[in-house]
Amino acid sequence: VEKLENNTAKLTIEVPAEELDKAIQKAYQKNKNKFNVPGFRKGKAPMAIVERTYGSSIFYEDTFNELVPEVLEEAVKENNLEIVSRPEIDITQIEKGKDLIFTAVMQTKPEVELGKYKGIELKKIEYTVSDKDIEHELGHMAEHNARLVNVEDRPVEKGDITIIDFAGSIDGVAFNGGTAENQELEIGSNKFIPGFEDQVIGMKIDEEKDIKVTFPEDYFSKDLAGKEATFKVKLHEIKKKELPKIDDDFAKDVSEFDTLADLKADIKSKMEKENEERAKYESEEAAIEAVCKDVEVEIPSGMIETEIDNMVKDVENKLSYQGLTLDQYLKLTNKTNESLRKEFDEQANKAVKSRLVLEAIIKAEDIKPEDKEVEEKVKEMAKNYGRSEEELLKNEGFKSYIVDNMKYEKAIAFILDNAKMK
């Protein structure tokens, strides 16, 4: 093993000739039916004849691919290396009757020299629930339970729900997606092109009007971005929201409570719980940031690339719920795969550094969960996933994932427990 710069290791590996020859024989047995040799039925030509016909190196590639992963894994384990990138392989010697010699250059997990992580100063984060917060939530509930009533004696005002037909054109030519009938549009929602909704204000039922707007320069469709369009609009209906009175009857209608006071108490309780979660999350983020601040660590590019890979996969999963592919999303947002990955670079660096620092604290303090804690967590996960505890405990990969997550949680708790709160 040769330690190179930037957390890189170069392994020079020799495989005895007899092992190589056995592997070549295996490759012949596996592939012999693929060769046509004159004078022999398919798959019946001796190995020496096949090599003479196709060249002595005919089985080297398959032999190497079959032999190397296991040999390399063994070498990595023997030398206690934590590999974080794919190996760059270079074959020095491969020949029948001789030792196989090759090199593998790989990035390794860096050693982290911890700074101060006990007794760090942190600002105590707390959020309180005010009467205004509760009234705001009640207002949302009233909006959600508002009923729509038809308006016929006045023109459109801000906040109204309108039903309109529209047909858009640029220089007299209609464009895709620019036409609709009986479209519902809330005035003031800003869901349409800037300036469109403002020009609907003042229209009366059955009125027709030409509305001129300019598409934003950053509009997702390049064909329309920055261009002026005219929409022929016809107004069919005007509706307004009629909010319910917020009293005991309202509480009965929208919740399981009989009085407004009980509903308010429930809202306050839920908000306090949300605030506790928010404060906990922000305190944990602040703790991680504080201990990472004094740590200088050279992060291998392989770790960053793997982290970005995971982030892109997460984007793909979220898009799939919206019925979109990654390629469609990139076209809609005028991005490339490279520019998307670049966006995640800073976030990935921060995430990897945080993980490395927490792992160093876990090692320094010998942090690990008790068996009973792991069992309790597995019980909770089994309930959430609708699986049996026994089934999850049998899965070593899942159990290892749970234990690792609990170590990280305990490491963050350790930092907070030992911090000086201001």
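The values are calculated or read from the model by the stated rules, or taken from the named source; none is laboratory data. In this text, all values refer to a predicted model and were calculated from it rather than measured experimentally. Backbone-built Cβ (ideal geometry, glycine too); neighbour counts: all protein chains shown. Note: accessible area is taken over every heavy atom of the protein model, side chains too, but ligands, DNA and RNA are not part of it. Shrake-Rupley method; radii C 1.70, N 1.55, O 1.52, S 1.80 Å.
What to note about this one:
- 0 to 90° range, to nearest 10: angle between helix 396-417 axis and the chain longest Cα axis: 60 degrees
- Calculated FRET value between Y54 and K363, using beta carbons and R₀ = 56 Å, to 0.05: 0.60
- For the chain, calculated [θ]222 nm from helices alone, where every DSSP H run of n ≥ 4 adds -39500 (n - 2.57): -15500 deg cm²/dmol
- Shape call, segment 1-116: gyration tensor on alpha carbons, a/c limit 1.5: prolate
- Here the peptides 35-44, 326-335, 407-416 are ranked by packing, the mean other Cβ count within 10 Å, and the order with the highest first is 407-416, 326-335, 35-44.
- The amide H of T8, built 1.01 Å from its N in the peptide plane, has T108 as neighbours under 5 Å, considering only residues 5 or more places off or on other chains.
- Counting charges near P110 (Lys, Arg +1; Asp, Glu -1) among other residues having Cβ under 11 Å from its Cβ returns a value of -4.
- Across all directions, the shadow cast by the convex hull of segment 280-358 built on its C-alpha atoms averages 6.4 square nanometres.
- The chain: angle of helix 371-385 to the longest principal axis, Cα-based, in degrees nearest 10: 60 degrees
- Nearest 10 degrees, 0 to 90: helix 301-321 Cα axis against the chain principal axis: 40 degrees
- Nearest-20 debye value, the chain charge dipole, Cβ charges on Lys, Arg, Asp, Glu: 1580 debye
- Phi to ³J(HN,Hα) by Karplus 6.51 cos²θ - 1.76 cosθ + 1.60 over segment 176-184, Hz, x for Gly, Pro: 4, x, x, 10, 7, 10, 6, 7, 8
- Prolate/oblate/rounded label for segment 221-324 (Cα gyration tensor, a/c 1.5): oblate
- Modelled spin-label separation between V374 and K10, with each label point placed 7 Å from Cα along the Cα-to-Cβ direction: 4.1 nm.
- Protein heavy-atom accessible surface, 1.4 Å probe, per residue over segment 309-422: 69 Å².
- Three-way shape call for segment 24-182 based on the alpha-carbon gyration tensor, with the a/c threshold at 1.5: oblate
- Solvent exposure ordering (accessible area, 1.4 Å, most first) of T103, T214: T214, T103
- Were the residues from D247 through D62 laid out at 0.36 nm apart, the gain over their Cα-Cα distance would be 58.8 nm.
- Highest-first arrangement of 202-209, 351-358, where packing means the average Cβ count within 10 Å: 351-358, 202-209
- Comparing N334, L243, M406 along the charge dipole axis of the chain, the residue lying farthest to the positive side is N334, per the Cβ-charge model.
- Point-to-point label distance, I101-N79, nm (Cα→Cβ direction, 7 Å offset): 1.6 nm
- Listed by chain and number, the lysines whose C-alpha is less than 21 Å from the C-alpha of K234, apart from same-chain residues fewer than 8 away, are K158, K191, K204, K209, K212.
- Accessible area of the chain belonging to carbon and sulfur atoms, whole % at 1.4 Å probe: 45 percent
- Within a straight-line Cα-Cα reach of under 18 Å, K42 can be paired with the following aspartates and glutamates, leaving aside sequence neighbours fewer than 8 residues apart in one chain: E51.
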